[in-house]
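The values are calculated or read from the model by the stated rules, or taken from the named source; none is laboratory data. Quantities reported herein were computed from a predicted structural model and do not represent experimental measurements. With ideal geometry, Cβ positions are generated from the backbone for all residues, glycine too; neighbour counts draw on all protein chains shown.
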Amino acid sequence: MSPTEPARRTLEGRVALVAGGTRGAGRGIAVELGAAGATVYVSGRSTRGRRSEYDRPETIEETAELVTAAGGVGIPVAADHLVPEQVEALVRRIDAEQGRLHVLVNDIWGGERLFEWEVPVWEHDLDNGLRLLRLAVETHAVTSHYALPLLLREPGGLVVEMTDGTADYNAGRYRNSFFYDIAKSSVLRMAFALGHEVGPRGATAVALTPGWMRSEMMLDAFGVKESNWRDALAEVPHFAISETPSYVGRAVAALAADPEVARWNGRSLSSGGLAGVYGFTDLDGSRPDAWRYMVEVQDPDRPADTTGYR
């Protein structure tokens with residue numbers, strides 16, 4: 001993870017749980033919360049002792065170490081969020097050690113290798129599709145069930161439901177496959193429903209999407225690293241609008257530090273949109289607005305040109 005921008009200790013004394021913080025957006029969010037001074041519990045299935053079915057090298061311990069290196073306190077806790085007993089134990093541990101929870105980020109996903117691109121439901125592998133829905137939807141429900149009573153103990157808590165695509169964008173567009181579309185739309189609706197449930201109790205729930213994110217898996221897919229990611233533009237020109245996981249991490253940190261965060265309750269937000277409100281940047285100092293770019297440039301099949309979009 002590249003160094004964060006000069007940290008403002010806006011989240012000193014705050015406690016966060018990033019569920020699904022092993023890699024990608026979860027890791028970026030955990031590290032940026034740490035850079036702002038938070039204590040961050042990082043949960044997931046991939047540990048140094050055991051990999052998940054992803055079979056990738058990233059681990060929750062590594063993420064927690066990056067949180068601490070950024071200036072926070074990172075605490076890794078192995079948990080499968082499809083197993084209620086493990087999630088309940090995780091929340092009990094946070095309660096025992098901290099007595100409070102200020103930020104819950106539901107970033108559990110795990111479906112990249114399960115959905116089949118542009119394959120209709122009757123041809124899609126059914127077992128993979130149903131597991132994708134469990135990983136993307138059931139895990140979030142289980143985590144909210146156990147974590148929200150602790151978060152609601154004090155006013156001002158924040159729940160962030162991580163998804164792909166804003167509500168406006170997804171409403172009129174087919175998102176890759178039946179199962180992927182349902183999964184990401186369900187998470188958007190979760191934030192809306194949670195807003196109605198936690199809002200009157202003093203907390204805020206939002207849905208948040210990164211843009212085209214340069215996760216570890218995305219970089220590997222294009223055969224590049226963060227240091228030379230622009231080499232992929234020869235093959236995929238619109239990748240020019242992409243962003244690091246730190247960008248959406250800074251969005252979450254800005255939301256968590258905002259005393260008026262309740263104005264966003266129940267809404268669908270994006271990293272690029274929030275950058276315009278809060279003034280944060282990506283690691284390179286730019287402010288990519290991927291979802292506006294996709295509507296105005298990529299979807300109409302115009303030549304790649306990020307002028308005015310980052």
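Some values worked out for this structure:
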{"read-out": "Pair list, Cβ < 7 Å and 6+ apart or interchain, from segment 290-302 residues that are more than 10 Å from residue 241 (Cα to Cα) to residues that are surrounded by fewer than 13 Cβ atoms within 10 Å (Cβ to Cβ) and among the small types (Gly, Ala, Ser)", "value": "none"}
{"read-out": "Count of segment 207-261 residues which are under 19 Å from residue 107 (Cα atoms) and of a type outside the set (Gly, Ala, Ser)", "value": "17"}
{"read-out": "Which listed residue is under 20 Å from residue 33 (Cα atoms), surrounded by 13 or more Cβ atoms within 10 Å (Cβ to Cβ), within 16 Å of the chain's Cα centre (by Cα) and of a type in the set (A, V, I, L, M, F, W, C), from 274, 283", "value": "274"}
{"read-out": "Matching residues, segment 155-172, being more than 17 Å from residue 252 (Cα to Cα), part of a loop (DSSP other than H, G, I, E, B) and touching a residue at least 12 places away in the same chain (Cβ under 8 Å)", "value": "155"}
{"read-out": "Residue count, segment 1-51 (criterion: more than 21 Å from residue 139 (Cβ to Cβ) and at pLDDT 95 or above)", "value": "12"}
{"read-out": "Matching residues in segment 241-294 - criterion: being among the polar types (S, T, N, Q), in a loop (DSSP other than H, G, I, E, B) and closer than 26 Å to residue 220 by Cα", "value": "242, 244, 281, 286"}
{"read-out": "Subset tally (residues that are surrounded by fewer than 18 Cβ atoms within 10 Å (Cβ to Cβ) and hydroxyl-bearing (Ser, Thr, Tyr)) for segment 147-182", "value": "1"}
{"read-out": "Qualifying positions in segment 29-43 - buried (at least 24 other Cβ atoms within 10 Å of the Cβ), without any contact (Cβ under 8 Å) to a residue 60 or more places away in the chain and either in contact with a Ser or Thr (Cβ under 6 Å, 6 or more places away or on another chain) or not β-branched (Val, Ile, Thr) (or both)", "value": "34, 41, 42, 43"}
{"read-out": "Residue check, residue 191 modelled with pLDDT of 95 or more, part of a helix (DSSP H, G or I), within 21 Å of the chain's Cα centre (by Cα) and under 26 Å from residue 255 (Cα atoms)", "value": "yes"}
{"read-out": "Of all residues making up segment 211-224, the number that are surrounded by fewer than 15 Cβ atoms within 10 Å (Cβ to Cβ) and in contact with a Gly (Cβ under 9 Å, 6 or more places away or on another chain)", "value": "0"}
{"read-out": "Filtered residue count, segment 225-245, keeping only those that are of a type in the set (Val, Ile, Thr) and in contact with a Gly (Cβ under 9 Å, 6 or more places away or on another chain)", "value": "2"}
{"read-out": "Near pairs, Cβ below 7 angstrom, 6+ apart or cross-chain, from segment 88-117 (in contact (Cβ under 8 Å) with a residue 60 or more places away in the chain and over 29 Å from residue 55 (Cβ atoms)) to any residue that is polar (S, T, N, Q) and surrounded by 15 or more Cβ atoms within 10 Å (Cβ to Cβ)", "value": "98/39"}
{"read-out": "Number of the exception - residue 224 against (1) touching a helix residue (DSSP H, G or I) at 6+ places or on another chain (Cβ under 8 Å); (2) part of a helix (DSSP H, G or I)", "value": "(2)"}
